[in-house]
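Below is one structure, written out as structure tokens; the observations come after it.
Rule-based calculations on the coordinates, nothing more; no lab input. Just so it is clear, the structure is predicted and the values come from calculations on it, not from any experiment. Here the Cβ is made from the backbone with ideal geometry for all residues, glycine too, and neighbour counts use every protein chain on show.
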Amino acid sequence: MKLESPAFAHQGAIPKDYTEDGKDISPPLRWSEPPPGTQEFALICDDPDAPSPRRPAPEPWVHWVIYGIPGDVRELPAGIPRSERLEEPAGARQGKNSWGTIGYRGPAPPRGSGRHRYVFSLYALDRPLNLGPGATKAELLRAMEGHVLASAQWIGTYERP
């Protein structure tokens with residue numbers, strides 16, 4: 001399975017529009033080649049370098065938790081609304097980020113902390129998850145246990161000016 005963003009190169013800089021310093025909207029993502037039997041997708045975006053690449057916290061800072069993406073969907077457009085339940089893609093639900101809010105929150109590393117990595121991880125699942133909206137990353141990971149057919153990552157970077 002392959003994941004990519006038309007907005008930035010793998011390991012490349014995330015454009016300002018997709019950060020807290022810009023419009024703070026989710027970037028467009030697309031994927032291909034999911035394994036046979038994929039019923040649903042889930043995606044997590046987190047920052048393993050928070051609060052600083054020199055001194056990261058024990059757990060990454062979570063920027064986005066989205067799941068319940070139907071198995072026939074192959075992309076998420078830019079600017080997914082910050083609502084628990086989505087009309088597009090139909091049936092998708094969003095969980096809580098590390099700010100305790102629903103939906104995508106863009107890169108916002110502390111000034112002077114250096115360049116951070118933002119890891120977008122997509123999971124192909126063998127069954128729909130029975131998980132309501134508002135789940136945390138930990139709750140999503142528990143619900144996915146034993147049901148991940150494949151995963152893919154796309155990494156962007158951002159450093160505050």
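In table form, for the structure just shown:
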quantity: Using θ = phi - 60° and Karplus 6.51 cos²θ - 1.76 cosθ + 1.60, couplings along segment 59-64 (whole Hz; Gly, Pro as x); calculated: 10, x, 7, 8, 9, 7
quantity: Close Lys-Lys pairs in the chain, where close means Cα under 23 Å and separation is 8 or more or interchain; calculated: 4
quantity: Set of segment 39-74 residues, backbone N closer than 14 Å to the point 7 Å along the Cα-Cβ line of Arg127; calculated: 39-40
quantity: Rh by Kirkwood over Cα pairs, then Stokes-Einstein D for the chain at 1.567 mPa s and 4 °C, µm²/s; calculated: 83 µm²/s
quantity: Most positive-pole-ward Cα, Pro70, Ala143, Gln153, against dipole of the chain from beta carbon charges; calculated: Gln153
quantity: Computed over segment 1-106: relative contact order in percent, which uses C-alpha pairs under 8 Å that are six or more apart; calculated: 26 percent
quantity: Distance from segment 84-161 to segment 61-82 (C-alpha centre basis), Å; calculated: 8 Å
quantity: Value of [θ]222 nm, deg cm²/dmol, for the chain, DSSP H segments ≥ 4, -39500 (n - 2.57) each, nearest 500; calculated: -1500 deg cm²/dmol
quantity: Derived scalar couplings ³J(HN,Hα) [segment 119-129; Karplus, 6.51 cos²θ - 1.76 cosθ + 1.60; whole Hz; x for Gly, Pro]; calculated: 9, 9, 10, 9, 10, 8, 10, 7, 7, x, 7
